[in-house]
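Written below as structure tokens is the structure these notes are about.
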Amino acid sequence: MPAISQTAATVVGLALGILSAIALTVWGVYEWRRKGRCQLLVLVAGSAVGTLTSPGLDLVAHVKLPPPVAVSPNVYRLFELDESLWVFPTYPLFLALPAYLTFVALDEQWPRRKLWIWVVSIIASDFMGEIFLIRVAGIYWYAGQQPFLVFGASPMWETAMVTASMLMGALLHFLGRRLHGAAWLLTLPVIGSGFMGFLVVAGWPGMIAVHGEASRPMVAALGLASLACCAAILYMISLHLSGPQPLRAPTAKAHTAEPG
């Protein structure tokens, strides 16, 4: 049973989502005005489009939501799943933020170590936040044969979602080399639908485990395979960053015999 009422929990979820969306928008304006980078604003806008595919994410990860409360009614229904209002303000935080940090890392050529520190920090903070939302607030839960649930939260799906967002940031970096000004708006449909697609790319073994009829050992193996997919994707992204110089074999100096 959740530790607080569903109405109070929903108010907390709405407040955190709205505040984080406002903070990211303000940061996006700062980045645009001071550094000429519009990508964070594009990602925040794209995350609003991405909310239209939110039931698809619930379907992939087998997430269930309780019946709506008055402060957060159901907004629409897709794939026979109802989506509550509190979900939508949270999208900029878990879609736009990791994607933008990845874009900046590639644009500014961060050291690989710095990117990995950010990756681990975001996954850990998302995981702790999910424990609160599931264990304390009870505003959603995971169904099916989920690998590695800890206090009801899923480190596998949190890792897959961060990886999907970072794939989006890498895609914007490479596709955006020829985009300028208003042409960046062309990426909005890609951001909106791409997040759900990249979640499948990063977490497809986990999706098989959750929706299949595998044995518990196989479910655990598929969970590990999903984490391995995420690690491989993040590693490939990191290869485009500056890293330590490769070791070179020492070259022997040529000695010439002196006369006499």
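Since every read-out is calculated from the coordinates, none of them should be taken as a lab result. From a predicted model like this one, the values you see are computed outputs, not experimental measurements. Glycine also receives a Cβ, built like all others from the backbone with ideal geometry; neighbour counts cover every protein chain displayed.
For the peptides 199-210, 173-184, 73-84, the ranking by mean Cβ contacts within 10 Å, running from highest to lowest, is 199-210, 73-84, 173-184. Projected label points at S193 and F151, each 7 Å from Cα along the beta carbon direction, are separated by 3.9 nanometres.
In the frame of its principal axes, the chain has Cα extents of 99, 51, 30 Å, reported largest first. The C-alpha radius of gyration of the range 1-63, expressed as a fraction of 2.2 N^0.38 Å, stands at 1.46. Hey, what angle do you get for helix 97-108 against the long axis of the chain, alpha-carbon based, 0 to 90 degrees rounded to 10? With rounding to tens, the tilt is 10 degrees.
Suppose R0 equals 30 Å. What FRET efficiency, 1/(1 + (r/R0)^6) with r the Cβ-Cβ distance, do R33 and V75 give to the nearest 0.05? E between R33 and V75, to the nearest 0.05, is 0.40.
Close amide H partners of W110, meaning residues 5 or more places away or on another chain with modelled amide H under 5 Å apart, are S242. Derived from the Cα gyration tensor, the three semi-axes of the equivalent ellipsoid of the range 30-169 are 28, 19, 12 Å, largest first.
Helix 39-50 and the longest principal axis of the Cα set of the chain meet at an angle near 40°. Close amide H pairs (under 5 Å, H built 1.01 Å from N) link V75 with E83, S84, L85, residues at least 5 positions away or on another chain.
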